[in-house]
Every structure is written in C-alpha cells, then in structure tokens.
Amino acid sequence: MNAKVKITNRAGASFPVRRMNFEFENVPEYWMNGSAGLTHFMTALSALFPAGEMFFIDSVRAVRQHPAIKDNAELQKEISAFIGQEAMHTQEHEGFNASAQKYGHDVATLDHYTDRAIQTTRKVFAFLGKPVGITQEMVDLTATTALEHFTATIASQLLVNKHIQELMTDETMKTMWLWHAIEENEHKAVAYDVFEGIFGKGLKAYLLRTSSLVAAMAILFLVQSYFVFRLLQQDKLLNMAALKDIYTYGYSPSKGIITGMGREMMMYFKPGFHPNDHDTDALLEKWKAKLGF
C-alpha cells in the first residue's frame, strides 16, 4: 500500500488510531484516471481537510470537560481516539497537499482560505446567536457534528461506489482515501454523542443541529467548487472535458458520489436520528480486511 502502518493502543475505545506514513513522492500529477478534472475535484476536497480536521479536534476538545460528559469514561475514551484519528488525517492530507504543490498546484493558498473561511464563519454565527444564548462552543460543536455527518456519508460512498474506486488508478492515493473513509465511519458517532450528551434531544437541539447542516453544506459546496475551478483555471484546463468528468464523477444520477449521498444525508433530519442508525459495520470489516488492517 506504499505506507507504513502502526496501530496504537486503543485504551478501551471502540476503534483504534492507525499511525500512517504514506509516501507521496511517486504519485502522478493527475493520479485519478489521468483526469485533471477528477484529480482537482479530490485535491479541492483534500485542501479542506487540514484546517477542517483541526477545527473538529478543537471543537470537541473544548467541551470534553463539560459537566454533562466529563465523567462518562466510555465517551472520554472515544473522544481520545477520535482526536488521534483526526490528527492522522490532518498529517496525511498535509503530505498529499505538499506533493500536489510540487506540481505547481497552489494547495497551500487553498488551505489558508479554508482556515480563514472556518474562522470567519464560526465567529459570525456566534455573533448572530449570542442574543439567544448560543455560545462559540455551541456553534463550533454543532458545526462539527454536522460536518462529521457529511464526511461519514461521503466516506460511505467511497467504500460502496465501484465506479469511483476504479477511477482511483494510483494505489497510494486510493489506499489513503479508503483508509480515511474507514476511519470517518469508525468515529462517525463521537461528535454527535458529545453534542447529544451536552444539549440533549429536545426541539432546540434538533433545530440547532439541522440548521447547522444546511448552512454547513451550502458553505462547503461554494468553497469546494471555487477550489476546483481555481485549480483548473491555474492549470489552464478549465474546459468542457474536465467539467464533464466532474459532472459524471460527482453529480450524475447513476454514478455520482454527491448524488449518491442524498438518502444518507437526509437521515440527519429525522427526529431521534443517531449516526449508528446507518449500519456500516459489515462494510468496514470488508475493507479493513482488504487493506490489511
């Protein structure tokens, strides 16, 4: 798999922290089926992760000593493992982003834009919510809960959509994305359990988490789409062929990764929803066996 893997002590958590060390030196420029459109679509996603994953870590860490959950030993173990996995995702996406930068694709600027968008958005929503008692910690945790549902859902698509897997023609990158997908589903309930433990299951919590998902998806779509167009334009490959590849890969009714996410994304709006309502245990066992985890 072109990576060294070390699985650390789980310390009682239900999932491990895998210390990965992918080697990106030999990853080709257009590693996804030789397509600039597909490669830049995934690079634009990768550009979101370093700042995004650190935001998730900071959001959960900021409330882990809240009186409602600080004595929940099982949840505290899950939080520690969650932080460990997310830190590894940050590290490996930084490694890939640096390798893309060597080809002249300005991912470093996109990473900076991601951090700026996160910090600006979280502060604006905290300011708007302050009159009704919504704190910065509430904004951050609620956004993390919503975005974790998105990452778990797109991860599920990577694990079930054979068309997408076939397009990942570089084994290093394919393994990196599948590893990331496995772990997003392993820890998909942690931020939600923290949110529910603190804010409960009432109407206010429901409205908070669902409105946060709507806002987060709108912002995420705009930012990621801008990143794709920027990468293609800088590469002088913003053309119909690249856009057609992106449409088929992302949005076509039968094969699209984004369109395939619809049903699972909508589950979030169900009263009483919990991430584990979507059972991916068998899927994860299948892929962990395939990847030698």
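Could you work out how much longer the chain between His66 and Lys201 gets when fully extended? Use 0.36 nm per residue separation minus the Cα distance between them, nm to one decimal.
The span from His66 to Lys201 would gain 46.9 nm if fully extended.
Among Asn185, Asn239, Asn21, which one moves the most in a GNM of the chain with springs linking Cα atoms closer than 10 Å?
Per the Cα network of the chain with a 10 Å cutoff, Asn239 tops the list.
Which order do you get for Glu186, Glu53, Glu29 if you rank them by accessible area with a 1.4 Å probe, largest at the top? Provide the component values of the computation, followed by the final result.
Numbers: Glu186 30, Glu53 0, Glu29 60 Å².
Correct descending sequence by accessible area is Glu29, Glu186, Glu53.
How much mean residue ellipticity at 222 nm does the chain get from its helices, if each DSSP H run of length 4 or more adds -39500 (n - 2.57) and you divide by all residues, to the nearest 500 deg cm²/dmol?
About -22000 deg cm²/dmol.
Using Cα positions and a limit of under 25 Å, work out the lysines in reach of Lys204, with same-chain residues fewer than 8 apart set aside.
Here the lysines satisfying the reach criterion relative to Lys204 are Lys70, Lys123, Lys130, Lys188, Lys270.
Could you do me a favour and compute the accessible area per residue for the chain, 1.4 Å probe, result in Å²?
46
Say R0 is 30 Å: what FRET efficiency, to the nearest 0.05, do Glu74 and Lys286 get from their beta-carbon distance?
Numbers: r = 26 Å, r/R0 = 0.88.
For R0 = 30 Å, the calculated efficiency reads 0.70.
Taking 25 Å as R0, compute the FRET efficiency from the Cβ-Cβ separation of Glu23 and Glu166 and round it to 0.05.
It comes out at approximately 0.65.
If the cut-off is 18 Å between C-alpha atoms, which aspartates and glutamates fall inside it for Lys244, apart from same-chain ones fewer than 8 positions away?
Straight-distance partners of Lys244: Glu166, Asp235.
Percent of accessible area on the chain owned by carbon and sulfur, 1.4 Å probe?
Reported share for carbon and sulfur atoms: 58 percent.
Go through the stretch 32-49 residue by residue and turn each phi into a ³J(HN,Hα) via Karplus (6.51, -1.76, 1.60, θ = phi - 60°); whole Hz please, and just put x for glycine and proline.
Each residue of the stretch 32-49 in turn: 9, 6, x, 9, 5, x, 5, 4, 6, 4, 6, 5, 5, 5, 4, 5, 7, 6 Hz.
Looking at the P(r) of the stretch 135-293, how many percent of alpha-carbon pairs lie beyond 18 Å?
64
The values are calculated or read from the model by the stated rules, or taken from the named source; none is laboratory data. All figures in this text were calculated on a predicted structure; none of them were measured in a lab. Please note: Cβ atoms are built from the backbone with ideal geometry, for glycine as well, and neighbour counts cover all protein chains shown. Heavy atoms of the whole protein, side chains included, go into the accessibility calculation; ligands, DNA and RNA do not. Shrake-Rupley method; radii C 1.70, N 1.55, O 1.52, S 1.80 Å.
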